[in-house]
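**Student:** I have a structure I would like to understand better, so I am pasting it below and will then ask my questions one at a time.
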Amino acid sequence: MASRLTVSPRPVQSNGAGVTARNQRRSTALVGFGYLAPALIFYGVFLILPFLHSVYLSFTAWDGISPSRWVGLDNYRTILENSQNRAAFGHAFVLIGFYALLTTAIALVLVGIIGSTRIRGLTVFRAALFLPYVIAPVVTGVAWRWLMAPEGPINSLLRAVGLGGWARGWLGDFTWALPSVGLIGTWMLLGLALVLLISGVQRIPVELYEAARMDGAGPVREFFAVTLPSIRNEITVVMVLAVTAALRNFDLIYVTTQGGPGSSTEVPSFLVYQKAFFVGDLGLASAMGVLLTMVILVLTMLILRPWRKG
C-alpha cells in the first residue's frame, strides 16, 4: 500500500497580542498628542496664523484702515529695487559678522584656553558671563548709549590714556555707528556662546586630552584634534542663535541709534516697524517681514547642512 504523505495543518496563531500592542501604541500616541495639544494650538493661533496672514498682506497694498488692494509681487519688487531696503539687508549681514562670526571666534579662543583644564568656580564664572544675555536689550542699549556718548566713560578713558584722537560720538558717527552696534551685540551674545561651548567641553573625556598629549600634541593641535570636533554641535547652536539675533535685531537699534545717523544702521526689522507704523504701508512691511523670515530660514539650513552627515 502506497504510503500517503499527510501534512498537518499549521496552527493558526492568534493575533490578539499584536492587536493589543497596536492599541497600546495608539493610546500612548493619543495621550502624547493630548499633552501637546495646548502648546500646538497656542503655537498655531499666535504664530502660524499671523504669519500666514502676513504672507497674504505682503501681496496687497493696505494702510491698515481702508480696504486692501491686491498688488501681487509689487511689494517684493519695491524691496529689491529700492537702494535703502537693499542697504538695510546689507547692514544685517554686517551685524551677522559681529554677532555670529566674531562672537564664535572669541568664544572658541577662550574655550581653547580652558578646554583642557578644570577651573574652580566655573559655575559662578559661567553665570557672570551669561548675565549680559539675560539683561533686557533695552536696558543694555541705554547703558551702552551712555558709555559711548561723546563725553561718556569710553571717550574719557581714551583721553586719559593719551588717545584722545580716537574719541568720537561712536553711535552718531556714520562710519562707526554700525560696528559699534555690532560690538554691543557681540558683548551680549558672548556669554551665551561661552556657556554653550563650555558645557560641550565638559562632556569631553579627559582621557582624550591625555592621549593627545602622549602623542606629542601641543595646545593648538590639541584644540583642533580634540576640542573642536567634540563641540561642533554646540558651535552649530551658537551660530544659529547668533544669526537669528542679528537678523531680527530691533530693540537694540531702536534704543541706541534709531537707524541713524542717516540710514547707516537701518536693518530690515527696523524698516518693518517704520513702514508699518509711520509710513502706514502694511503691505510693504509684511513683504519685508516675510522676506526676512525666508532669509533666516535659508541661513539656518545652510548652517545646519554641513553637520548632518556627522
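**Student:** Of the residues 41, 48, which single one is open to solvent by less than 80 Å² (accessible area, probe 1.4 Å), farther than 14 Å from residue 286 by Cα and part of a helix (DSSP H, G or I)? Steps first, answer last, please.
**Tutor:** Details: 41 fails: open to solvent by less than 80 Å² (accessible area, probe 1.4 Å).
Result: 48 is the single residue among 41, 48 that is open to solvent by less than 80 Å² (accessible area, probe 1.4 Å), farther than 14 Å from residue 286 by Cα and part of a helix (DSSP H, G or I).
This table checks each residue for (1) within 22 Å of the chain's Cα centre (by Cα); (2) at positive phi; (3) at pLDDT below 90.
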| site | (1), (2), (3) |
| --- | --- |
| 171 | no, no, no |
| 214 | no, no, yes |
| 229 | yes, no, yes |
| 252 | yes, no, no |
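**Student:** Follow-up question, since we're still on this one. Given the criteria without any contact (Cβ under 8 Å) to a residue 24 or more places away in the chain and either over 25 Å from residue 292 (Cα atoms) or touching a strand residue (DSSP E or B) at 6+ places or on another chain (Cβ under 8 Å) (or both), does residue 153 qualify?
**Tutor:** Considered against the rule, which asks whether it is without any contact (Cβ under 8 Å) to a residue 24 or more places away in the chain and either over 25 Å from residue 292 (Cα atoms) or touching a strand residue (DSSP E or B) at 6+ places or on another chain (Cβ under 8 Å) (or both), residue 153 comes out as yes.
**Student:** When the residues of region 63-93 are narrowed to those that are open to solvent by 70 Å² or more (accessible area, probe 1.4 Å), of a type in the set (A, V, I, L, M, F, W, C) and in a loop (DSSP other than H, G, I, E, B), which ends up farthest from residue 297 (Cα to Cα)?
**Tutor:** 65
**Student:** Okay, next question. For residue 216, are the conditions met, namely being open to solvent by 30 Å² or more (accessible area, probe 1.4 Å) and assigned to a loop (DSSP other than H, G, I, E, B)?
**Tutor:** Details: open to solvent by 30 Å² or more (accessible area, probe 1.4 Å): yes; assigned to a loop (DSSP other than H, G, I, E, B): yes.
Yes, satisfied.
**Student:** Follow-up. Given the conditions (1) modelled with pLDDT of 90 or more; (2) in contact with a Ser or Thr (Cβ under 8 Å, 6 or more places away or on another chain); (3) within 12 Å of residue 111 (Cα to Cα), report the number of the one that residue 197 does not fulfil.
**Tutor:** Here residue 197 clears every test but (2).
**Student:** Cβ-Cβ below 8 Å, separation at least six or inter-chain, first residue in region 222-249 and over 19 Å from residue 199 (Cβ atoms) and open to solvent by 30 Å² or more (accessible area, probe 1.4 Å), second of a type outside the set (Ser, Thr, Tyr) and modelled with pLDDT of 90 or more: which pairs?
**Tutor:** Final answer for the pair search is 244/296; 248/292; 248/296.
**Student:** What is the number of the single condition among (1) assigned to a loop (DSSP other than H, G, I, E, B); (2) in contact (Cβ under 8 Å) with a residue 24 or more places away in the chain; (3) polar (S, T, N, Q) that residue 199 does not meet?
**Tutor:** Residue 199 satisfies every listed condition except (1).
**Student:** Of the residues that make up region 246-267, is at least one in a helix (DSSP H, G or I), polar (S, T, N, Q) and within 25 Å of residue 302 (Cβ to Cβ)?
**Tutor:** No: region 246-267 contains no residue that is in a helix (DSSP H, G or I), polar (S, T, N, Q) and within 25 Å of residue 302 (Cβ to Cβ).
**Student:** Here's another thing I want to ask about it. Any residue that is of a type in the set (Val, Ile, Thr), in contact (Cβ under 8 Å) with a residue 12 or more places away in the chain and part of a strand (DSSP E or B) - is there at least one of those in region 114-136?
**Tutor:** The answer is no, given that none of the residues of region 114-136 is of a type in the set (Val, Ile, Thr), in contact (Cβ under 8 Å) with a residue 12 or more places away in the chain and part of a strand (DSSP E or B).
**Student:** When you look at residue 99, is it among the hydroxyl-bearing types (Ser, Thr, Tyr), without any contact (Cβ under 8 Å) to a residue 24 or more places away in the chain, within 28 Å of residue 303 (Cα to Cα) and assigned to a helix (DSSP H, G or I), yes or no?
**Tutor:** no
**Student:** Working only within region 155-182, note down all residues that are open to solvent by 50 Å² or more (accessible area, probe 1.4 Å) and in a helix (DSSP H, G or I).
**Tutor:** Within region 155-182, 156, 157, 159, 160, 165, 166, 172 qualify.
**Student:** Which residue, of 185, 152, is buried (at least 17 other Cβ atoms within 10 Å of the Cβ), of a type outside the set (A, V, I, L, M, F, W, C) and under 30 Å from residue 232 (Cα atoms)?
**Tutor:** Exactly one of 185, 152 is buried (at least 17 other Cβ atoms within 10 Å of the Cβ), of a type outside the set (A, V, I, L, M, F, W, C) and under 30 Å from residue 232 (Cα atoms), namely 185.
The values are calculated or read from the model by the stated rules, or taken from the named source; none is laboratory data. Bear in mind that the values here come from a model prediction, so they are computed numbers and not experimental data. All Cβ positions, glycine included, derive from the backbone under ideal geometry; neighbour counts span all protein chains shown. Quick note on the areas: whole protein, heavy atoms, side chains included, nothing else; ligands and nucleic acids left out. Shrake-Rupley method; radii C 1.70, N 1.55, O 1.52, S 1.80 Å.
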